[in-house]
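The values are calculated or read from the model by the stated rules, or taken from the named source; none is laboratory data. The structure displayed is predicted, hence computed values, not measured ones. Here the Cβ is made from the backbone with ideal geometry for all residues, glycine too, and neighbour counts use every protein chain on show.
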Ligand code: AMP
């Protein structure tokens, strides 16, 4: 399509008129980052001036940054939990937002073991949609011809619950896939997916995945890009293919649908779609029955140009495995978002994963940045003085690390997200950020985020089972093992058994594994039980004296004896090798922990 040359963009020549508008929007927003931020804050404060929260801090209708910064405190979830609870219980007065709270988005971050509930309002869907609409115009600058085929995206809805007053509580992507924005999206040749809506919207994860994989296989030659939200999700799809290719090939050969697919919407759709294709079935069998799956993605989907998955942050651990299965296809990280707010996008999505930077879009919310001091590990130590050091979006400095603080249209004011970002440069006057890590997260396999205190509590609960054997855990550390799919938590224990003749049996130590899982947060347990995206927890008992050797090793590398603390999570290869060479026994959870969609509190 010929593009009006007057609507060119410094980002590059757009692929079509629609892209030109999107790129121009990015230019406008990033050129005027500070002005846009000022306007966004003024909008948020003026529309919410009469809310209980802003009145409590006597903002008195002020909409300027200075007054806002002097009067409104920086908070975490725990600070507004009472307000959130009131809304959940049915208080419809304007507590945080003048606009009615339309639902709660359940974050994968937890508070007291349960998912955090993030309030949202109807119009936020438009804001999220706007950010989504910018992704393909940017991608089209780097990868031509994406309108000539389809995307195989493994997308899922998760279970939802209702609060006592009947407000829905569900993950942000579930909310988006179930919205008309997604379900009745207008045809766009750059956004055609092999997965039918019926499969994406099926709450049964097996049936959903089976159908999405089946459709992806049937249309294998049309697939130009493969994706999932996070790297762990795409690898789960590969694992699914390993486990189910015989049945999938059977369906393709016969043009019928497995009896395990019972969802009427899927059946109805697939009965019209699936036709016998013995040639394709033989191909699937030929490729999948090989022992070596290296490069399987490019063999089955030969026209794939890139994998669209997030591999930044905790997901970086999956890069080698993705490279193995894809023969090194480019990995595109396109956006940075959360339940609280969608933040921004990667303007150079085909760059190497280690070079990914996200440009925060100044129209999404009002953003502030707390200079990150790696020595201060606890947010609650934040003083008024350190809060006064928060800087604005346009004022961050290249090379420095910051913690993200947001003020949203939905009614979060100076909310501490928990992400640590480093400034890598600017696009116009909008900074670009490398995602460094999530604060306080020790272990993560999928969307779970386990912190040190959760691990400690799980340890304490599990070690109670050892009391009757006169045994205690002297030291422990942990490791997120992602060599197998799904990955799993490994906990190294050094035990002190007073009476060898009464030492804990294998069964007791297996039980300890399960007890630890029972004590971990609901996101972990959901991944274990409903999503099967985390495998059984493993305890590796190591020889007496192993942790002393670990300390000796650290000191030999320059750690101070006085300040040495056992790391509660390890990943450095020599340390792993040391620990693994001292293992005396290995134990696994033999059962699933308890999990239901309902919240415990
Ligand atoms: P949730 O609240 O469950 O939606 O999780 C949001 C969190 O996921 C963010 O605050 C980040 O910690 C993480 N996250 C989201 N997008 C990315 C990304 N592109 N790279 C790294 N981490 C991300």
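Every listed requirement among (1) closer than 22 Å to residue 405 by Cβ; (2) out of contact with any strand residue (DSSP E or B) (no Cβ under 9 Å at 6 or more places or on another chain); (3) within 16 Å of the ligand (Cβ to nearest atom) is met by residue 98 save one, (3).
Within region 105-136, the set of residues being under 23 Å from residue 55 (Cβ atoms) and either in a strand (DSSP E or B) or within 12 Å of the ligand (Cβ to nearest atom) (or both) comprises 117, 118, 119, 120.
Going through region 136-154 one residue at a time, which ones are in contact with a helix residue (DSSP H, G or I) (Cβ under 9 Å, 6 or more places away or on another chain) and either within 30 Å of residue 96 (Cβ to Cβ) or surrounded by fewer than 18 Cβ atoms within 10 Å (Cβ to Cβ) (or both)? Answer for region 136-154, where residues must be in contact with a helix residue (DSSP H, G or I) (Cβ under 9 Å, 6 or more places away or on another chain) and either within 30 Å of residue 96 (Cβ to Cβ) or surrounded by fewer than 18 Cβ atoms within 10 Å (Cβ to Cβ) (or both): 147, 148. Scanning region 315-333 for residues that are within 8 Å of the ligand (Cβ to nearest atom) and either outside any helix (DSSP H, G or I) or surrounded by fewer than 19 Cβ atoms within 10 Å (Cβ to Cβ) (or both) yields a count of 1. In this structure, residue 186 qualifies as free of Cβ contacts under 8 Å to residues at least 40 places away in the same chain and outside any helix (DSSP H, G or I). For region 170-179, the candidate set comprises residues that are in a helix (DSSP H, G or I) and in contact with a helix residue (DSSP H, G or I) (Cβ under 9 Å, 6 or more places away or on another chain); within that set, the residue that is nearest to residue 107 (Cα to Cα) is 172.
Among all residues of region 39-50, there is at least one that is crowded, with 16+ Cβ neighbours inside 10 Å, part of a loop (DSSP other than H, G, I, E, B) and out of contact with any strand residue (DSSP E or B) (no Cβ under 9 Å at 6 or more places or on another chain). Within the bounds of region 267-281, is there any residue that is under 22 Å from residue 485 (Cα atoms), over 29 Å from the mean Cα position of the chain (by Cα), away from the ligand (no atom under 16 Å from the Cβ) and free of Cβ contacts under 8 Å to residues at least 60 places away in the same chain? No, every residue in region 267-281 fails to be under 22 Å from residue 485 (Cα atoms), over 29 Å from the mean Cα position of the chain (by Cα), away from the ligand (no atom under 16 Å from the Cβ) and free of Cβ contacts under 8 Å to residues at least 60 places away in the same chain. Right, residue 61: under 24 Å from residue 176 (Cα atoms) and in a loop (DSSP other than H, G, I, E, B) or not? So residue 61 fails the test.
The set of residues in region 391-418 that are within 16 Å of the ligand (Cβ to nearest atom) and either outside the structural domain of residue 42 (by the TED database) or assigned to a strand (DSSP E or B) (or both) comprises 401, 402, 403, 404, 405, 406, 407, 415, 416, 417, 418.
Can you pull out every residue in region 443-454 that is part of a strand (DSSP E or B) and either within 27 Å of residue 84 (Cα to Cα) or within 13 Å of the ligand (Cβ to nearest atom) (or both)? 450, 451, listed by residue number.
If you go through region 66-76 and keep only what is part of a helix (DSSP H, G or I) and closer than 14 Å to residue 408 by Cα, you end up with just 68. Of all residues in region 145-169, those satisfying the criterion of being in a loop (DSSP other than H, G, I, E, B) and within 21 Å of the chain's Cα centre (by Cα) are 155, 156, 157, 158, 159, 160.
Screening the candidates 207, 242 for the property of being within 30 Å of residue 314 (Cα to Cα), surrounded by 18 or more Cβ atoms within 10 Å (Cβ to Cβ) and over 22 Å from the mean Cα position of the chain (by Cα) yields one hit, 207. Report yes if residue 143 is away from the ligand (no atom under 16 Å from the Cβ), touching a strand residue (DSSP E or B) at 6+ places or on another chain (Cβ under 6 Å) and within 23 Å of residue 238 (Cβ to Cβ), otherwise no. It is false that residue 143 is away from the ligand (no atom under 16 Å from the Cβ), touching a strand residue (DSSP E or B) at 6+ places or on another chain (Cβ under 6 Å) and within 23 Å of residue 238 (Cβ to Cβ). For residue 421, are the conditions met, namely being assigned to a helix (DSSP H, G or I), within 24 Å of the chain's Cα centre (by Cα) and at pLDDT 95 or above? So residue 421 does not fit the description; no. Take residue 176 and tell me if it is within 16 Å of the ligand (Cβ to nearest atom), without any contact (Cβ under 8 Å) to a residue 60 or more places away in the chain and either within 30 Å of residue 30 (Cβ to Cβ) or surrounded by 21 or more Cβ atoms within 10 Å (Cβ to Cβ) (or both). So residue 176 fits the description; yes.
Within region 463-476, the set of residues being under 25 Å from residue 111 (Cβ atoms) and in contact (Cβ under 8 Å) with a residue 60 or more places away in the chain comprises 476 only. Examine region 306-314 for a residue that is touching a strand residue (DSSP E or B) at 6+ places or on another chain (Cβ under 8 Å), within 9 Å of the ligand (Cβ to nearest atom) and in a loop (DSSP other than H, G, I, E, B), and state whether such a residue exists. Yes, some residue in region 306-314 is touching a strand residue (DSSP E or B) at 6+ places or on another chain (Cβ under 8 Å), within 9 Å of the ligand (Cβ to nearest atom) and in a loop (DSSP other than H, G, I, E, B).
Residue count for region 571-601, restricted to those that are in a helix (DSSP H, G or I) and in contact with a strand residue (DSSP E or B) (Cβ under 7 Å, 6 or more places away or on another chain): 2.
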